[in-house]
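Here's the structure we're looking at; comments come further down.
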Amino acid sequence: MRAKGICYDTGFIRNGSNSRECFDPDLVKKELTIIRDDLHCTAVHITGGDPDRLDLAARHAAELGLEIWFSPYPLELTTDEILALLADCAERAEQLRAQGAEVVFVAGAELSVMNHGFLEGDSTEERISRLLSDPARRPERFAAVGTRLNAFLREAVALVRERFHGKVTYAAIQFEAVDWDVFDFTTFELIRSAEVADRFRDAVRSLVAQPKPVAITGFGTATWRGAGDVAPRSMEILETDEATGAPLRLNGEYERDEAGQAYLSELLEIFETEGVDSAFVFLFALYNLPHRPDGDPRDDLDLASLGIVKILEDRHGDTYPDMPWEPKAAFAAVADHYRGG
């Protein structure tokens, strides 16, 4: 693969609440250095809802010589609010690109289910439920979503390209049926579950057969036994606050399975051998899902985390004594693959 990457979360914003409460610039720089030196990444997919944070992390990544996929992530916004966020971030990304950094601009991800204006419903869960209900009407609903989304993306890309003069893409769910003519990469959130495992490689091969280079984002799974079988839904073991989406507890007791999460190396092997241009593991860390090995098992939120490091509370790790986390088995699996590839 040309770009070997991972997603770096700067904080998802929902209804004014940021999922990453603290954002220490020194910690960000140290983590990005580890991503380059120890994970052997050549690129980083920097995502989140705060333009200032995206800008700061991207500047650190640029200093480290990493290719930057600058990726504002709108959540529960209107289409006008999404356009304003994209315009702001496109100007910031262009400043970095003009200074010599390698930058790809990602004009949103999974917009149809994560925001207002494309599907009926006041939450992601409600939108997906309505979309998938009544199987007989699904083709009609999928087509309607694609029409609305593509009309919006044409407007969004025109706005972005006025401000940013590098390559542009969008991180799509396959049912969104994106018109890729206006983009430089075809980029998919592509997650393997047991249901599609037998045809996953063929699906990747068919994507790569298209004329534009393919990037894969969003792939990964949580850290409980069996999570890989239901990977797209592996975070559904979380109970969350209805208003903010903040995690509260797990909905039951689950067994830790870090080796199962490390199936990432199998996916990377498929992407590499089938000719994917760029791959971004999802993701480095989720700071709002700490590891709590003692006490009530339902409080160990890391079991629901797709992060390849486990966040520690009130202490630093052993592997990296200045970091508030400890690598999981998936960390070594990604590092070994990227080093060898």
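The values are calculated or read from the model by the stated rules, or taken from the named source; none is laboratory data. Just so it is clear, the structure is predicted and the values come from calculations on it, not from any experiment. Cβ: placed from backbone, ideal geometry, glycine included. Neighbour counts: every protein chain shown. Surface areas here come from the heavy atoms of the whole protein model, side chains and all, with no ligands, DNA or RNA. Shrake-Rupley method; radii C 1.70, N 1.55, O 1.52, S 1.80 Å.
Overview of values
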read-out: In the range 67-91, the residues that are open to solvent by 40 Å² or more (accessible area, probe 1.4 Å) and in a helix (DSSP H, G or I); value: Thr79, Asp80, Glu81, Ala84, Asp88, Glu91
read-out: Any hit, the range 258-272, residues being open to solvent by less than 30 Å² (accessible area, probe 1.4 Å), in contact with a Gly (Cβ under 9 Å, 6 or more places away or on another chain), assigned to a loop (DSSP other than H, G, I, E, B) and not β-branched (Val, Ile, Thr); value: yes
read-out: Residues (open to solvent by less than 90 Å² (accessible area, probe 1.4 Å), not in a helix (DSSP H, G or I) and not β-branched (Val, Ile, Thr)) located in the range 120-170; value: Gly121, Ser123, Ser133, Asp134, Phe164, Gly166, Tyr170
read-out: Options Gly275, Gly295; residue that is in a loop (DSSP other than H, G, I, E, B), without any contact (Cβ under 8 Å) to a residue 12 or more places away in the chain, small (Gly, Ala, Ser) and surrounded by fewer than 18 Cβ atoms within 10 Å (Cβ to Cβ); value: Gly295
read-out: Selected residue (criterion: farthest from Ala262 (Cα to Cα)) from residues of the range 183-207 that are assigned to a helix (DSSP H, G or I) and touching a strand residue (DSSP E or B) at 6+ places or on another chain (Cβ under 8 Å); value: Leu207
read-out: Among residues of the range 282-341, those that are closer than 15 Å to Leu238 by Cβ and of a type in the set (Phe, Trp, Tyr), counted; value: 1
read-out: Every pair of residues 6+ apart whose Cβ atoms lie under 7 Å, when the first sits in the range 134-156 and is within 10 Å of Asp179 (Cβ to Cβ) while the second is among the aromatic types (Phe, Trp, Tyr) and buried (at least 17 other Cβ atoms within 10 Å of the Cβ); value: Leu149/Phe118; Leu153/Tyr170
read-out: Verdict on Phe105 being touching a Lys or Arg at 6+ places or on another chain (Cβ under 9 Å), closer than 18 Å to Ala215 by Cβ, free of Cβ contacts under 8 Å to residues at least 60 places away in the same chain and surrounded by 22 or more Cβ atoms within 10 Å (Cβ to Cβ); value: no
